[in-house]
Amino acid sequence: MKTNQSWGGRFNQAPKEAVALYTDSQSYDRALYAQDIRASQAHARMLCRQGVILQEEAERLVNGLDAVRAEIESGNFVWKPELEDVHMNIEARLTELVGDAGKKLHTGRSRNDQVGLTFRLFVADCLSLWQERLMGLCNVLSRRASAYQDAILPGCTHLQPAQPVSLAHHLLAYAWMFRRDHGRLSDSLCRVRVSPLGAAALAGTTYPLDPYSVAREVGFTGIYGNSMDAVSDRDFVLEALFDASTIMMHLSRLCEEIILWANPAFGFVKLPDSYATGSSIMPQKKNPDVAELMRGKTGRVYGALTGLLTVMKGLPLAYNRDMQEDKEGFLDTHVTVEASLRLMAGMLEELTFNTDRMREACRAGFLNATELADYLVGTGLPFRSAHHVTGQAVALAEARGMGLEDLDLQTLQGLDAHIEADVYNVLDYAAAVRRRETPGGTGPASVRRQLTDMETWLEELGCSR
């Protein structure tokens with residue numbers, strides 16, 4: 001194996017083959033080629049503006065990098081493991097194409113700040129794509145919610161029937177979660193889009209660089225405040241992985257409900273055939289495998305976050321090779337998050353809701369008990385007393401195998417004389433939903449406000465319905 005020419009002058013022997021394989025990262029960080037070329041072209045133009053290299057040399061470098069990109073994207077680029085990473089592979093091929101000018105590209109920078117900028121660009125691109133997928137998912141949830149404003153189902157706490165809610169309200173709860181995820185990514189992007197180029201290895205450089213112009217050219221909003229910090233932290237990746245973990249947690253919760261609702265014991269939804277699988281032995285089975293896998297893949301995203309936290313926790317300043325371990329976990333996370341958001345939107349688009357079954361389920365579990373308690377409070381009874389009377393009514397109805405709305409007026413008045421015939425109006429499940437018009441509640445007007453808010457937000461972001 002050859003000595004790496006980017007640093008091999010100090011060495012008489014090349015790394016052992018096993019060492020080269022162990023330290024190699026080009027097998028996976030080649031995914032960052034476009035961002036590396038973009039950053040290198042900005043660096044070359046800046047070197048020219050600052051008088052460090054000639055105009056002709058800068059043009060050769062920029063054009064040569066375009067040629068390298070074309071080779072990679074056509075599949076004709078030859079990746080060389082002995083060159084360790086995507087950065088050295090690109091630089092070596094560039095030098096083959098443009099001659100000695102290629103050796104000037106690295107002037108004023110180290111792989112430390114080069115890697116930092118390239119990876120920040122990659123992470124920023126990924127987060128922007130996640131935002132697009134989140135908007136698409138919120139769009140689907142909003143449209144489906146709009147179509148089911150009159151459908152009701154049991155709302156649960158502790159996975160036990162609690163109060164009736166509209167299906168629209170239930171779906172919008174997830175839209176709000178994913179909308180917050182979108183905002184969280186926007187906040188993270190403010191800290192990702194900071195250029196470390198110019199920090200060099202750790203102490204800065206003696207060349208008259210203009211890191212601000214490079215940051216502007218690549219679309220970043222600022223530069224490092226401290227050169228050692230710039231090349232030695234990966235908190236921007238950690239923050240992105242936390243955001244990804246939160247997105248997957250929200251997806252996993254939605255998956256759990258889809259899995260439960262698809263079970264005939266619930267029967268609230270029918271899975272689309274294209275998002276389900278069968279059993280190799282039981283021909284009647286229709287398994288929610290997409291939802292189950294998405295729920296399971298949440299763990300691997302959590303693992304990437306925990307893994308990088310563990311890598312970083314004991315590193316002294318400045319750069320350490322341990323930090324090469326920042327990429328594989330994030331690359332895997334990006335694939336997982338992007339696909340999960342896209343597939344969830346598709347599955348929800350085709351999901352069939354059994355609203356009759358949902359309405360029937362409201363009769364089980366005394367979901368109108370709170371309505372009776374509130375009714376009694378309206379007659380002047382203290383809430384704790386009303387709570388006690390309602391509990392007695394529930395116990396009586398349960399013993400008779402019926403709902404509260406099925407108890408006759410005489411029986412109810414035997415529990416409390418305040419009860420009149422109008423009690424049956426409030427015991428109606430749909431009426432219980434209609435009465436809850438507090439901001440963010442499940443009442444029809446509140447749900448319409450939520451839908452309008454969500455639609456306005458999507459339109460402002462340029463997401464068409």
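The values are calculated or read from the model by the stated rules, or taken from the named source; none is laboratory data. Note that the structure is a prediction, hence the values are computed from the model and not measured. Cβ: placed from backbone, ideal geometry, glycine included. Neighbour counts: every protein chain shown. For the accessible areas, the whole protein counts, side chains as well, though only heavy atoms, and no ligand, DNA or RNA atoms are used. Shrake-Rupley method; radii C 1.70, N 1.55, O 1.52, S 1.80 Å.
Quick rundown of the values:
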item	result
Over 26 Å between alpha carbons, listed pairs Lys80/Lys297; Lys104/Lys313; Lys297/Lys327; Lys16/Lys80	Lys80/Lys297; Lys104/Lys313
Two-decimal ratio, the stretch 1-140, of alpha-carbon radius of gyration to 2.2 N^0.38 Å	1.18
Amide H partners (placed H, <5 Å) of Gly222, local residues excluded	Ser195
HN-Hα J in Hz across the stretch 177-192 - Karplus 6.51, -1.76, 1.60, θ = phi - 60°, x for Gly and Pro	4, 5, 5, 5, 4, 4, x, 4, 5, 4, 4, 5, 4, 4, 8, 6
Within the stretch 1-136: Cβ-based charge dipole about Cα centre, in debye rounded to nearest 20 (Lys, Arg +1; Asp, Glu -1)	300 debye
Karplus-derived 3J(HN,Hα), 6.51/-1.76/1.60, for each residue of the stretch 437-448, Hz, glycine and proline x	9, 5, x, x, x, 8, x, x, 5, 5, 5, 4
Dimensionless Rg ratio for the stretch 57-98, taking C-alpha atoms and the 2.2 N^0.38 Å reference	1.09
Where only C-alpha atoms are counted, convex hull volume of the stretch 279-395 per residue in Å³	282 Å³
The stretch 84-232: relative contact order in percent, alpha carbon pairs under 8 Å with at least 6 residues between	27 percent
Whole-angstrom gap from the stretch 315-372 to the stretch 150-166, using each part's C-alpha centre	20 Å
Distance histogram for the stretch 329-465 (every C-alpha pair counted, 5 angstrom bins, percent rounded to whole numbers)	2, 8, 13, 14, 14, 11, 9, 7, 7, 7, 5, 2, 1, 0
For the chain, the fraction of alpha-carbon pairs in successive 20 Å shells from zero, as %	20, 39, 25, 12, 3, 0
For the chain, accessible area per residue (1.4 Å probe, heavy atoms of protein chains only), Å²	47 Å²
Whole-Hz couplings from phi, Karplus 6.51/-1.76/1.60, listed for the stretch 137-147; x for Gly and Pro	5, 4, 4, 5, 4, 5, 5, 5, 4, 4, 7
Distant alpha-carbon pairs in the stretch 145-206 (separation over 19 angstrom), percent	60 percent
Pairs of Cα atoms farther than 18 Å apart, the stretch 213-363, %	67 percent
Distant-in-sequence amide H partners of Val269 (H built 1.01 Å from N, under 5 Å)	Ala262, Asn354
Sulfur and carbon atoms: percent of accessible area, the chain [1.4 Å]	52 percent
Accessible-area ranking of Asp374, Asp100, largest first, probe 1.4 Å	Asp100, Asp374
Binned Cα-Cα distance frequencies in the stretch 125-239 - 10 Å width, integer %	13, 27, 21, 16, 12, 9, 2
Over the chain, relative contact order from alpha-carbon pairs under 8 Å, at least 6 apart, %	16 percent
Relative contact order (percent, whole number), the stretch 290-434, Cα cutoff 8 Å, 6+ residue spacing	19 percent
Local electrostatic count at Asp408 - Lys and Arg +1, Asp and Glu -1, tallied over other residues with Cβ under 15 Å	-4
Alpha carbon centroid spacing (whole Å) that separates the stretch 45-87 from the stretch 195-252	22 Å
Residue-level accessible surface for Arg143, protein heavy atoms, 1.4 Å, Å²	70 Å²
